[in-house]
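Following: one structure in structure tokens, then a few remarks.
The values are calculated or read from the model by the stated rules, or taken from the named source; none is laboratory data. Computed from a prediction, not measured in an experiment: that's the story for all the values here. Positions of Cβ are backbone-derived with ideal geometry, glycine not excepted, and every protein chain shown enters the neighbour counts.
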Amino acid sequence: MGMFDHVVYESLCGKCGKPLSGFQSKDGPCLLETLKPIDVESFHTDCRNCGAWHDYKVEVIPAQVSVTTSVFNSFMEARRCN
């Protein structure tokens, strides 16, 4: 397991509706720092309740930040789709 950074973000699971936590990214310095979504290109987490995998892509548009998500049943399903 490699190093990563934590991403501060609030979202609900797209599958079961429970709050998500533990967002991570490898787009930053990977020193276990705490970053904002605007500091990375993508981040991810899994739902602690149902196990659904959530990938987030960050797009910076002048004067706003857009975050889109993809929900998968598992990490392995997410990797097959990417």
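Things worth noting here:
- Qualifying residue in segment 5-16 (condition: among the small types (Gly, Ala, Ser) and surrounded by fewer than 11 Cβ atoms within 10 Å (Cβ to Cβ)): no
- Consider segment 46-66 and keep the residues that are acidic (Asp, Glu) and within 19 Å of Gly28 (Cβ to Cβ). The one that is nearest to the chain's Cα centre (by Cα) is Asp55.
- Residue within segment 54-70 that is surrounded by 14 or more Cβ atoms within 10 Å (Cβ to Cβ), part of a helix (DSSP H, G or I) and of a type in the set (D, E, K, R) present: no
- Among the residues making up segment 25-44, those that are touching an Asp or Glu at 6+ places or on another chain (Cβ under 9 Å) and crowded, with 17+ Cβ neighbours inside 10 Å are Ser25, Gly28, Leu35, Asp39, Val40, Phe43, His44.
- Pairing residues of segment 26-45 that are in a strand (DSSP E or B) and modelled with pLDDT of 95 or more with residues that are surrounded by fewer than 14 Cβ atoms within 10 Å (Cβ to Cβ) and of a type in the set (S, T, N, Q), at Cβ distances under 8 Å and at least 6 apart in sequence or on separate chains, gives Thr45/Ser21.
- Among the conditions (1) free of Cβ contacts under 8 Å to residues at least 40 places away in the same chain; (2) not in a strand (DSSP E or B), Lys15 misses just one, which is (1).
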